[in-house]
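The next block holds one structure in the form of structure tokens; read it before the comments.
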Amino acid sequence: MSDAAEGPDRAEHEVPGRHDDMVQLLDQHGVRREHPEHEVDLEPEELLGLLRDMVVLRRLDTEGEALQRQGQLGLWVGTRGQEGAQVGSAQATRRQDHVFPTYRDHGAALARGIDPVHVLSLFRGVDHGGWDPVEHGVHPYTLVIAAQLLPAVGYGMGVQRDGAVGTGDPARDTAVVAYLGDGATSQGEASEALNWAAVFQAPVVFFCQNNQWAISEPVARQSTVPLHRRAEGAGMPGVLVDGNDVLAVLAVTRAALERARSGGGPTFIEAYTYRMGAHTTADDPTRYRLSAETEAWREKDPIDRFRTYLRSEGILDDDYEAALDAEADEFAARLRAGVIALVDPEPVSMFDHAYAEPHPQVLAERDEFLAAWEQHDREAHGELVGGAS
Amino acid sequence: METMPIGKAINAGLRAAMDRDPRVLLMGEDIGPLGGVFRVTDGLQKDFGEHRVIDTPLAEAGIVGSAIGMALRGYRPVCEIQFNGFVFPAFNQITTQLAKLRARSHGKLSVPVVLRIPSGGGIGSVEHHSESPEVLFAHTAGLRVVMPSSAHDAYWMIQQSIASADPVVFLEPERRYWEKGDVDVDLGPGEVTPLHRARVLRAGTDATLVCYGPTVKLALDAATAAAEDGTSLEVVDLRSISPLDVDTVAESVRRTGRLVVVTEAPVFHGPGAEVAARIQEACFYSLEAPVKRVGGYHLPYPAARIEEHYLPSVDRVLDAVEQSLAA
Ligand SMILES: Cc1ncc(C[n+]2csc(CCOP(=O)(O)OP(=O)(O)O)c2C)c(N)n1
């Protein structure tokens with residue numbers, strides 16, 4: 001009897017509907033499943049790489065939360081429980097692809113080679129971005145729900161116009177991944193984005209992490225049909241995948257990206273997962289959900305399940321685990337030191353990049369600011385007044 | 001008289017309005033069991049039920065648009081927008097529908113919707129949590145825009161806004177939610193300051209400081225600091241951004257001869273520009289110096305670690321006063 005056939009245990013707030021079409025390659029006990037359409041064939045090192053990415057992402061989350069508690073970050077947006085969805089989807093991208101994340105997709109950021117310290121600079125409050133979006137092919141985080149989706153479609157339309165789809169050249173064919181949450185599907189712009197992508201056959205994969213909650217609101221408050229079925233109305237395939245199964249997520253996202261790159265148009269993926277922690281460190285989930293629910297999801301942990309599988313295959317052993325733990329410790333130490341070393345920007349730097357070309361009013365305001373800075377802030381900050389410079 | 005923080009005062013005001021009028025209902029994201037991210041609606045769903053305190057899907061256009069429809073059907077919806085930077089998905093509904101229906105229907109249609117929006121900065125948040133969008137609403141004809149600065153005003157102004165036949169944008173100074181003040185909950189009709197009347201909070205003779213919402217405390221602090229140096233500042237809390245109570249400000253400026261407007265909103269094309277223009281019209285011969293404005297810069301609201309340099313400070317207010325006095 002397979003878990004896939006049963007679908008996930010459903011709490012009362014979950015959207016009713018059929019979940020037996022959920023793609024799963026590893027059941028919740030870590031037993032490998034076959035799927036008629038989706039398969040992955042990975043080398044042991046690749047499999048270990050997925051584990052490594054998930055473990056490191058979890059460590060990022062633990063460390064982020066600790067740094068926030070210690071006052072080093074203003075806010076932390078957790079990823080615990082969503083490692084399978086984030087790592088699996090991001091590892092399916094290629095160098096030339098472009099990713100439009102939300103504010104929670106740290107796993108995607110890491111997979112695209114972004115220095116985690118740069119991810120945390122936003123949450124420390126020293127920056128609104130943190131990394132070079134062009135270099136990494138990762139758009140800055142978007143805090144306004146669903147606002148990244150239409151730009152992602154437009155980017156895909158640009159890719160089409162550049163003739164970078166359907167050439168058959170794996171180094172050239174390009175796709176776009178747009179991440180969104182379950183709550184985000186309620187925004188009008190999400191519907192517009194799906195429609196545009198379908199109408200223009202843009203090479204976009206919408207990757208929706210249904211983590212069951214939008215702050216305090218259950219997914220049943222966002223939709224009365226399973227989210228992936230929205231895709232059909234827009235005119236694109238909608239796929240439901242077990243978001244806590246990194247292999248299935250990788251397989252499904254790879255297929256969708258391949259379809260997009262080859263000119264086959266957009267796909268909507270619903271990764272069925274769970275946010276184990278609070279929405280952010282400013283949130284109190286005890287006000288709106290039962291710990292029994294969270295406990296039930298603990299059984300489906302994406303990392304534990306994958307670890308069990310790798311063990312059963314003899315791919316993972318104690319030595320590797322020990323090395324991985326050491327690597328995660330080292331990662332955490334480097335992250336912590338890097339974050340604490342982040343210095344506040346020079347206040348006057350806020351005037352730097354609002355415009356590309358000179359704006360007289362902004363320049364005048366900058367002069368005013370500097371004059372006042374000379375007079376007061378330097379004194380207040382213990383620096384020399386009218387210093388010799 | 002009761003003492004409570006501004007956030008609690010709004011909660012109490014909402015409760016009073018809901019008790020009084022069964023047509024009043026609340027709509028917004030996370031306003032039910034969570035009580036809103038600032039807990040302003042705490043306990044209201046428990047007491048009034050899910051039909052009157054509605055946790056909506058995550059869609060601001062949906063919140064405002066459906067509130068308009070419910071208002072057309074005789075209800076009085078009070079919408080919570082979670083943060084100032086998230087009102088923009090609803091902008092179309094606000095500017096083309098909410099603000100215009102009365103005029104377009106020759107007064108036949110009434111849309112008494114209240115939009116509650118935590119506004120301004122200073123809470124150390126990430127982007128889109130600290131903006132001051134008031135001028136965008138004030139520039140839209142058909143909307144009333146108000147912002148309390150004290151618990152007492154918060155308690156009464158939210159009730160007056162709900163009672164208004166017009167749509168009201170009710171801005172809440174988010175960095176002052178926790179500031180406590182005395183609320184006189186037992187005032188009778190006629191004893192409450194009208195919604196759109198400015199108020200002189202501190203009398204002075206040398207210059208007038210005009211402010212509203214989060215900058216009121218700042219202006220009062222500046223006046224206290226100035227008094228130590230022998231400068232007497234009058235502080236006027238506008239309370240309403242649209243309409244503007246120009247008369248109260250003009251009376252003050254005729255006495256003091258000088259005006260400094262203090263807002264968190266950017267100065268450039270900002271609310272201070274309207275006050276300055278109206279006052280130079282009304283008080284041209286009483287003004288001893290050009291009107292000064294202190295406020296945000298024409299920049300995206302900066303990262304939290306340097307927001308104190310963007311927000312007006314007591315020092316910047318006093319600088320402007322000094323320049324005014326020297327002119
Ligand atoms: C337009 C807009 N409205 C409201 C918010 C406030 N807000 C931030 S996150 C969030 C919930 C988002 O839920 P979901 O899309 O499911 O993503 P998740 O955070 O669960 O990953 C809300 C309401 C926002 N950021 N943007």
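The numbers here are math on the coordinates, done by the rules we state, and not lab data. Fair warning: this is a prediction, and the values are worked out from it, not measured in the lab. All Cβ positions, glycine included, derive from the backbone under ideal geometry; neighbour counts span all protein chains shown.
Points worth noting:
- GNM result for chain A, Cα springs below 10 Å: residue of A:M350, A:M236, A:M276 fluctuating most strongly: A:M350
- For the range A:290-370, the Kirkwood hydrodynamic radius comes to 18.3 Å, computed from all pairs of different C-alpha atoms.
- Using the Cβ-Cβ distance between A:I340 and A:E232 with R0 = 56 Å, the FRET efficiency computed as 1/(1 + (r/R0)^6) comes to roughly 0.70.
- Cα pair distances in the range B:21-178, grouped into 10 Å bins until the bin that holds the longest one, percent each: 11, 43, 37, 8, 0
- Radius of gyration (Cα atoms) of the range B:161-287, expressed as a multiple of 2.2 N^0.38 Å: 1.09.
- Projected onto their three principal axes, the Cα atoms of chain A cover extents of 78, 49, 43 Å, largest first.
- Full extension of the chain segment joining A:R32 with A:E313 gains 100.2 nm, where the gain is 0.36 nm per residue of separation less the Cα-Cα distance.
- 23 Å Cα-Cα reach of B:K8 towards lysines, excluding residues that sit fewer than 8 places from it in its own chain: B:K46, B:K180, B:K217
- The alpha-carbon atoms of the range B:91-189 define a convex hull whose volume equals 94 cubic angstrom per residue.
- Note on chain A: GNM, Cα springs under 10 Å; of A:A164, A:A371, A:A184, the largest mean-square fluctuation is that of A:A371.
- Sorting A:W213, A:W131 from the fewest to the most surrounding beta carbons within 10 angstrom yields A:W131, A:W213.
- Rg(Cα)/(2.2 N^0.38 Å) for the range B:151-201, N = residue count: 1.18
- Summed residue charge, Cβ within 13 Å of A:G49's Cβ, Lys/Arg positive, Asp/Glu negative: -4
- Its Cα centre serving as origin, chain B has a Cβ charge dipole (Lys and Arg +1, Asp and Glu -1) of approximately 1080 debye.
- By the beta-carbon count within 10 Å of each Cβ, the least crowded to most crowded order of B:V314, A:V99, fewest first, is B:V314, A:V99.
- Kirkwood estimate for the protein assembly as shown, i.e. one over the average of 1/r between Cα atoms, Å: 27.5
- Take the Cα of A:Q375, step 7 Å toward its Cβ, do the same at A:V362, and the gap between the two points is 2.5 nm.
- Label-point separation, A:A171 to A:R298 (7 Å along Cα→Cβ), nm: 5.0
- Radius, Kirkwood style, for chain B when every pair of distinct Cα atoms is counted (Å): 20.0
- Net length available on complete extension from B:D229 to B:S105 is 39.0 nm, with 0.36 nm assigned per residue and the Cα-Cα distance removed.
- Once the Cβ-Cβ distance of A:E46 and A:D20 is raised to the sixth power relative to R0 = 35 Å, the FRET efficiency obtained is 0.75.
- Note that the range B:5-50 shows a convex hull volume over its alpha carbon atoms of 62 Å³ per residue.
- Debye intensity ratio I(q)/I(0), log10, the range A:219-352, q values 0.14, 0.17 Å⁻¹ (C-alpha model): -1.05, -1.14
- Evaluated at q = 0.12, 0.13, 0.21 Å⁻¹, the base-10 log of the normalised Debye intensity for the range A:137-208, with identical point scatterers placed on the Cα atoms, takes the values -0.31, -0.36, -0.85.
- Between A:E14, A:E293, A:E368, the GNM of chain A built on Cα springs shorter than 10 angstrom shows A:E368 fluctuating the most.
- Simple spin-label estimate for A:T224 and A:R161 gives 4.0 nm between the two label positions (7 Å along the Cα-to-Cβ direction from each Cα).
- Lys/Arg +1, Asp/Glu -1 at C-beta; the protein assembly as shown dipole; positive extreme among A:L75, A:S186, B:Q93: B:Q93
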